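Q: Dropping a structure here in structure tokens format, bear with me for questions.
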Amino acid sequence: MYAIRQLQLATVAILLSRPTAAATAQDALPTLADVTPRGIVVSRVQSRSDPKATYAVYLPAAFTRDRRWPVVFLMDPRGRALIPVELFQPIAERLGYVLVSSYDTRSDGARDPNDRALDAMLADVQRYLAPDAHRLYLAGFSGTARFAWDVSAQLTGSLAGILGFGAGTPGERQWIVEHVRGTPFDYYGAVGNRDPNYAELRQLQRDLAEMRYPARIEVFDGPHRWPPADLCARALTWMHMRAMQRGLLPADVAWLDSLATERLAESDSRAGTDDLLRLRLLRDWLSDFGSGRDTTAVATRVAQLAGAASVRYATRIEAEWDARERAWMRGFFDFAFALRTSKPELTVGEGKRLSHAGELARLAAGKRDSVAAVAARRAINRIVVYSTFYEFREYEISRRWEQARTLLKVAEDVAPGDASVCFALARAEAQLARHREALDHLDCAVSGGEVSRVSLADPLLAPLRDDPRFGEIVSRLSR
């Protein structure tokens, strides 16, 4: 992968890794050289540097080619380019950022597709737009959030920030120490409170704070997904503020003062009755806006909140459930590892016991916003993801379907009716000639919206295709 070429400024010297290819005559899609609409999302553009690559583009309404523009490269882990570009479009218009969002980025596999996708976007942007050579941003979700950190060293001097959602870095704290020298870019992360990677982002938050790295990490109400638009707006606004503070952008004092006032008011409206969240927001405010302002009143509130009984209690409860969640996951991963490597005779009952299935199901059924219920649902989501994807992938390679079914039956116990679990069970049971059970689970998967006509072509489902019930399930998808 290559970084930004020289843009009339002494930035990062790079060599093109592949020759430039012109679009062929039969190409129906526009290229970035042809894009003229301002203030609207151009849904699909073909790369001139790599005609196999495509992406969505948003140019602010005020865009002209006679000034430099910051650019956000958006990378969805399933190549769903329009999801992030639509989330960031309102704030990109307000602040004046170009958005380029790939259809070719992927997660949970080789990084080559991501290298190619980013190569293509970088080459086209620098050739046909007017990017600010020091204000490029990478925004990724899940595996592409990790990828952003992984390629950051290749964009030194040009990368101003990473916006990473639903996942942290490719390694733990030592990885950052070894791969990120100094503080070459800012970081804004976010994770859903039911995201299986929640604990990872919380640990990253602690690590970056101890390292005094310029960073913010938010938690929002939700599972493993891109964050809501208001959080995306806060993230890019924070990057804009940091660009001014770092001298990458002329400081707009009036705008910074207005932002400080707005963020201070938000600390109460966002926190509501949650004093621990209010304390964290006010501490962030002091870090962001404390220089050159009278912060006496805010500092006093922070000191009062830090000593409040409500905050001490919330902190203790949060730590207790974090520890409980780690214990749940240790039990599940110990079971999954033993089943796969040393004790294939383990039963579903033993798996349920080791995974604390009963406790998880009971707690998850509790009050929706309680710390215990959220922690249990998060653990359940993690069990589902690992059982239906990561572990199942290993069993598919080894063709050990009985062990795969055992693991998935444990996941089914903690997440009854989950469509992804049902679909995985249907695939495993079809291979075990458990046709009735497989069709029951396939029916569950279809009812839960997990199955498309394309996924029904999965070779693992071939043993079911002659059954009349399979045809009935297919017909339901045609309606």
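Q: Within the stretch 349-356, is there a residue that is within 17 Å of ASN381 (Cβ to Cβ) and either surrounded by fewer than 13 Cβ atoms within 10 Å (Cβ to Cβ) or under 29 Å from the mean Cα position of the chain (by Cα) (or both)?
A: yes
Q: Continuing with the same structure: List the number of the failed condition for ALA428; all other conditions in (1) assigned to a helix (DSSP H, G or I); (2) under 24 Å from the mean Cα position of the chain (by Cα) hold.
A: Evaluating ALA428 over (1) assigned to a helix (DSSP H, G or I); (2) under 24 Å from the mean Cα position of the chain (by Cα) leaves (2) as the failure.
Q: May I ask you to list the residues in the stretch 188-237 that are in contact with a His (Cβ under 8 Å, 6 or more places away or on another chain) and more than 22 Å from ALA271 (Cα to Cα)?
A: If the condition is that a residue be in contact with a His (Cβ under 8 Å, 6 or more places away or on another chain) and more than 22 Å from ALA271 (Cα to Cα), then PRO196, ASN197 are the ones that fit.
Q: Scanning the stretch 237-248 for residues that are crowded, with 18+ Cβ neighbours inside 10 Å and of a type in the set (A, V, I, L, M), which turns out nearest to the chain's Cα centre (by Cα)?
A: Out of the qualifying residues, it is MET239.
Q: Within the stretch 44-54, can you find the residues that are closer than 26 Å to ARG94 by Cα and either of a type in the set (Phe, Trp, Tyr) or buried (at least 17 other Cβ atoms within 10 Å of the Cβ) (or both)?
A: Listed by number, the residues that qualify are VAL45, THR54.
Q: Among the numbered criteria (1) part of a strand (DSSP E or B); (2) over 28 Å from LEU59 (Cβ atoms), which single criterion is violated by HIS224?
A: Of everything listed in (1) part of a strand (DSSP E or B); (2) over 28 Å from LEU59 (Cβ atoms), HIS224 misses just condition (1).
Q: Is there a residue being under 20 Å from the mean Cα position of the chain (by Cα), modelled with pLDDT of 95 or more and assigned to a strand (DSSP E or B) anywhere in the stretch 204-215?
A: Yes, the conditions are met somewhere in the stretch 204-215.
Q: Identify all residues within the stretch 325-348 that are small (Gly, Ala, Ser) and either buried (at least 20 other Cβ atoms within 10 Å of the Cβ) or more than 14 Å from GLN403 (Cα to Cα) (or both); write none if there are none.
A: ALA327, GLY331, ALA336
Q: Criterion first (in the same structural domain as ARG399 (by TED's automatic domain parsing), part of a helix (DSSP H, G or I) and touching a residue at least 12 places away in the same chain (Cβ under 8 Å)) does ALA314 satisfy it?
A: So ALA314 passes the test.
Q: Moving on. Out of the residues in the stretch 129-161 that are part of a loop (DSSP other than H, G, I, E, B) and more than 28 Å from ALA62 (Cα to Cα), state the one that is nearest to the chain's Cα centre (by Cα).
A: Result: SER142.
Q: Does ARG453 fit the bill of being of a type in the set (Lys, Arg) and modelled with pLDDT of 95 or more?
A: no
Q: Moving to a separate point now. Please verify whether ALA364 is under 22 Å from SER447 (Cβ atoms), surrounded by fewer than 23 Cβ atoms within 10 Å (Cβ to Cβ), free of Cβ contacts under 8 Å to residues at least 60 places away in the same chain and among the hydrophobic types (A, V, I, L, M, F, W, C), treating the condition exactly as stated.
A: yes
Q: Another question, if that's okay. If you go through the stretch 77-95 one residue at a time, do you hit one that is assigned to a strand (DSSP E or B) and closer than 26 Å to THR169 by Cα?
A: No, the stretch 77-95 contains no residue that is assigned to a strand (DSSP E or B) and closer than 26 Å to THR169 by Cα.
Q: Could you say whether any residue in the stretch 77-100 is of a type in the set (Ser, Thr, Tyr), at pLDDT below 95 and crowded, with 17+ Cβ neighbours inside 10 Å?
A: Checked against the condition, which is being of a type in the set (Ser, Thr, Tyr), at pLDDT below 95 and crowded, with 17+ Cβ neighbours inside 10 Å, the stretch 77-100 yields no hits at all.
Q: How about the stretch 367-408: which of its residues are hydrophobic (A, V, I, L, M, F, W, C), over 22 Å from ALA323 (Cβ atoms) and without any contact (Cβ under 8 Å) to a residue 12 or more places away in the chain?
A: Within the stretch 367-408, just ILE397 meets the criteria.
Q: Would you call ALA424 more than 25 Å from ALA361 (Cα to Cα), among the small types (Gly, Ala, Ser) and outside the structural domain of ALA338 (by TED's automatic domain parsing)?
A: no
Q: To continue, here is another question. Here are some residues: TYR128, TYR188. Which one is within 14 Å of TYR213 (Cβ to Cβ), of a type in the set (Phe, Trp, Tyr) and touching a Lys or Arg at 6+ places or on another chain (Cβ under 9 Å)?
A: After ruling out the rest, the residue left standing is TYR188.
Q: Just to verify a result, which residue in the stretch 200-236, among those that are touching a residue at least 40 places away in the same chain (Cβ under 8 Å) and under 27 Å from ARG181 (Cβ atoms), is surrounded by the fewest Cβ atoms within 10 Å (Cβ to Cβ)?
A: ARG202
Q: Just one of SER258, SER267, SER287 is touching a helix residue (DSSP H, G or I) at 6+ places or on another chain (Cβ under 9 Å) and within 22 Å of LEU231 (Cβ to Cβ); which is it?
A: Criteria check complete, one pass: SER267.
The values are calculated or read from the model by the stated rules, or taken from the named source; none is laboratory data. The shown structure was predicted, so the numbers you read here are calculated from the model rather than taken from an experiment. As a convention, Cβ positions derive from the backbone with ideal geometry for all residues, glycine included, and neighbour counts pool all protein chains shown.
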